[in-house]
Structure formats: C-alpha cells, structure tokens
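The values are calculated or read from the model by the stated rules, or taken from the named source; none is laboratory data. Note that this is a predicted model, so its numbers are computed, not measured. Every residue, glycine as well, gets a Cβ built from its backbone with ideal geometry; the counts of neighbours run over all protein chains shown.
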C-alpha cells in the first residue's frame with residue numbers, strides 16, 4: 001500500500017459507482033463499503049519455521065433499503081459480473097425482507113464533514129517482508145530459550161502485521177475513507193515442573209507503528225521470566241481474599257463490561273446493566289471512556305460506521321454509569337441519540353473503539369505491597385461470565401501474596417463474584433495503563449472475592 005491516498009480514492013470511486021447502481025436499481029437508501037488489505041503472519045517453533053502466510057484482499061459490502069425493508073450483501077469478486085451480482089442480490093433481498101421501523105440512515109446534518117489525521121498508518125509495517133518477520137520471531141524465541149536452562153520447550157513465537165484501506169459512501173451524502181496498520185510479536189516458552197507438569201506463560205507487544213514495538217530480545221526474556229515464575233505452582237485454601245488483577249487480565253474483565261454497555265445488549269435485554277443509567281455500577285475510583293480519537297490508538301477511527309463523527313464518550317464516571325454506546329439503529333430502538341459508535345459498517349450494531357479504564361495514581365507494585373494476603377492473577381481460563389445476571393466465575397493462575405510479597409505461584413483455582421459487586425469492590429487502581437490493544441486497563445485490586453482451591 002505504497003500510496004495510501006491513491007488506494008482510498010480508488011476505493012471511494014468503486015463504492016460510489018456501486019452506490020449509483022443501487023439507487024438506479026430502486027434502492028431508496030444505500031450504504032456501500034469498499035475495503036482492501038494485506039497481512040502477513042509468521043510462526044516459528046524451536047528454531048524452525050512452522051507458518052508463513054501472506055494474503056491480500058479487496059471486498060465490497062452493501063446495505064440497501066426499499067422503504068423500511070433492508071438487505072445486505074457482500075463480495076470479494078470485483079469483476080464486472082461480481083459487482084453486478086452483489087447489486088442485484090441486495091435489491092432482490094430487499095423485496096423478501098420484513099419491514100423494520102427503526103432502520104434507515106442518520107440525518108444528513110449529523111454526518112461527519114471533516115476530520116483530522118489520527119496517525120493510524122505506518123508504511124514501515126507494510127515493508128516487513130516474510131524473511132524479516134521470521135528473523136524477528138526467531139530472535140524473540142531464541143532469547144526466551146536462552147534465558148534459563150529450565151526453559152526446555154516452546155509453544156512458539158509469532159510476528160504479524162496487517163494494513164488496510166477503507167471507504168464508506170452513503171446515499172445520505174457521506175463520503176470518507178482512511179488507512180490503518182498494526183503489528184504484533186508474541187512468545188510462549190515452556191518449562192518443566194515437578195511431576196512432569198509443563199508450565200507456560202508468554203508475553204506480547206503490539207502497536208500501529210512498527211518502531212514502537214518492544215524489542216524481540218526483551219519480549220523473549222519477559223516471556224521466559226513469566227514462565228519460570230510459574231514453576232512449583234500449587235493450589236491455595238478455599239476462602240475469601242483480596243484479588244489483584246494484572247493489567248492484561250484486568251483488560252479481559254473490562255471486555256466483559258464492554259459487551260454489556262453496547263445498545264444491542266440493552267435492547268435485546270441481554271445485559272445486567274439495563275435501566276442502570278445514573279446509578280453506581282463500579283467503585284468511585286473507576287472512570288471508563290471509549291475514545292476513538294486517540295492518536296495512533298489501536299481502536300481509533302475518524303468516523304463511525306454510520307458516517308457520524310467520532311467522539312470521546314465517558315461511559316462510567318467516578319463509578320456512575322453515564323451512557324450506553326449506541327449506533328443510529330440502536331438509538332432509535334431505545335429512544336435516544338447515537339453516540340457515534342456504529343461498528344457494523346453495513347449492518348447495525350454498536351461497538352467499542354479504544355475502551356479504556358482510566359489509570360489511577362498507585363504504582364502497580366505498590367498494590368501488591370499493600371496487600372497483606374491474597375491472590376495476584378496473571379492468567380484466566382474459561383468463559384464463566386453471564387452477561388444477563390452478572391455472575392462471574394473463571395479459572396485463574398498467578399501468585400499468592402503474603403505480607404505484601406509474591407510468595408509462590410498458584411494454579412488450578414477458581415475466582416468468583418457477581419460482576420456488579422466485583423467492580424464496586426475495586427479499592428486500588430494502578431498507574432500502569434498500556435494501550436497496546438483496543439480494550440485496556442491498568443492493574444487493580446478487588447477487595448474480596450471467593451477463591452476456590454483446596
């Protein structure tokens with residue numbers, strides 16, 4: 001993608017042509033998305049290449065309406081016949097669809113008219129060829145395996161990079177596009193433990209800009225260090241204890257919450273947060289924002305899938321739920337207004353951008369030091385979360401805290417607490433926020449949870 005603006009312009013031209021065909025064919029409203037992209041994925045294990053996969057794509061997605069009857073169609077066949085087919089399919093499907101009174105494009109006055117550069121694309125990502133990606137992965141795995149003789153195996157190391165261009169046009173008058181890139185590196189070493197058990201952990205780095213990835217040797221060594229710290233892991237006695245969530249694990253918890261504040265979950269009544277606007281849903285320490293305008297952010301975007309301007313939304317402020325994330329369709333169903341959060345570019349549905357639990361002022365290490373006895377969680381397993389009731393229970397591993405120190409590694413325990421109470425029980429919040437993924441959280445401590453062990 002050497003000339004990004006040229007690629008965006010080409011996609012806009014394609015989308016506008018298809019939009020014209022839809023309107024000429026009888027669509028009262030239409031939305032067209034054109035995409036192109038290329039990605040590279042490399043995997044090595046024990047010094048040998050296991051996978052090299054590179055692909056390029058171009059595709060079209062359309063959403064057409066005849067009155068209140070809506071249909072969508074998509075294709076990666078951009079030949080003359082392929083484009084004609086996706087247009088005819090969408091128009092024919094409209095005739096078969098049931099009317100939806102909440103469907104329709106947003107008011108043209110609400111559309112984004114201009115936007116700034118969010119620094120989402122780095123040409124250096126595209127410049128990484130397969131050979132360099134393999135070398136980066138090999139260096140990272142080698143650093144992990146050389147860190148300590150107790151590292152005896154590896155689940156591998158991988159490097160990936162992706163870039164893409166995107167264009168959106170609508171019959172309501174919106175026309176826009178942008179490009180983006182992303183690169184990542186991960187390592188997962190294995191160590192032998194007593195009784196023939198294998199212990200593994202890992203570490204990863206990611207960014208939209210290649211130069212901002214952490215170094216391969218650093219990633220490998222940190223992955224090895226985390227793996228070795230799990231040697232001798234054991235269960236702990238069942239009880240109620242403070243639980244500290246390391247930031248990568250805390251991010252997983254925040255992801256559960258994100259799924260409960262999108263409008264789709266609310267109007268489908270599949271969230272424990274229904275009718276909770278204005279009420280306390282978390283500790284006063286907690287402020288959560290969804291901000292698509294962060295320069296270089298992994299989830300940043302200049303406009304949403306409806307063509308509305310991106311905006312920073314404060315979801316939770318000092319523990320109080322302020323809003324749900326809504327697209328145009330969800331807003332109509334709930335009698336509200338869009339928050340510029342449309343995710344499905346041709347469908348309906350709201351989604352997050354950079355969904356971030358704002359950092360506190362306490363160093364993450366001090367949270368452990370100020371915990372007399374409890375569990376420090378670095379990994380969670382399973383999918384034990386019920387979005388309707390808020391019930392939460394997942395397998396966990398990490399370290400036991402005794403007198404403010406990490407005493408020994410812990411595995412094969414289960415942690416549980418209703419999610420509403422969990423968020424309200426956060427009593428310490430770290431300062432170690434790292435925005436390497438679109439959902440991000442600092443380390444935090446929950447005052448008390450049930451830990452099921454022996």
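Couple of notes before you dig in:
- For residue 326, the stated conditions do not hold, so it cannot be described as at pLDDT 95 or above, under 30 Å from residue 400 (Cβ atoms) and in contact with a strand residue (DSSP E or B) (Cβ under 7 Å, 6 or more places away or on another chain).
- The range 100-116: number of residues that are more than 25 Å from residue 176 (Cβ to Cβ) and surrounded by fewer than 11 Cβ atoms within 10 Å (Cβ to Cβ): 1
- Residue in the range 247-269 that is part of a loop (DSSP other than H, G, I, E, B) and either in contact with a helix residue (DSSP H, G or I) (Cβ under 6 Å, 6 or more places away or on another chain) or buried (at least 18 other Cβ atoms within 10 Å of the Cβ) (or both) present: no
- Counted as qualifying within the range 1-108 are the strands (runs of 3 or more DSSP E) with 3 or more residues that are under 30 Å from residue 152 (Cβ atoms), namely 29-45, 48-66.
- Apart from one condition, residue 240 fits all of (1) part of a strand (DSSP E or B); (2) crowded, with 21+ Cβ neighbours inside 10 Å; the exception is (2).
- Test: residue in the range 336-350 that is surrounded by 15 or more Cβ atoms within 10 Å (Cβ to Cβ), touching a strand residue (DSSP E or B) at 6+ places or on another chain (Cβ under 7 Å), modelled with pLDDT of 95 or more and assigned to a helix (DSSP H, G or I): no
- Looking at 154, 163, just one residue is surrounded by 18 or more Cβ atoms within 10 Å (Cβ to Cβ) and either more than 25 Å from the chain's Cα centre (by Cα) or farther than 28 Å from residue 353 by Cα (or both), and that residue is 154.
- Per the listing 287, 328, the residue uniquely farther than 19 Å from residue 388 by Cα and buried (at least 24 other Cβ atoms within 10 Å of the Cβ) is 328.
- Taking the criterion of being over 26 Å from the mean Cα position of the chain (by Cα) and buried (at least 19 other Cβ atoms within 10 Å of the Cβ), the residues of the range 39-65 that qualify are 64, 65.
- Filter result for residue 133 (under 30 Å from residue 215 (Cα atoms) and at pLDDT 95 or above): yes
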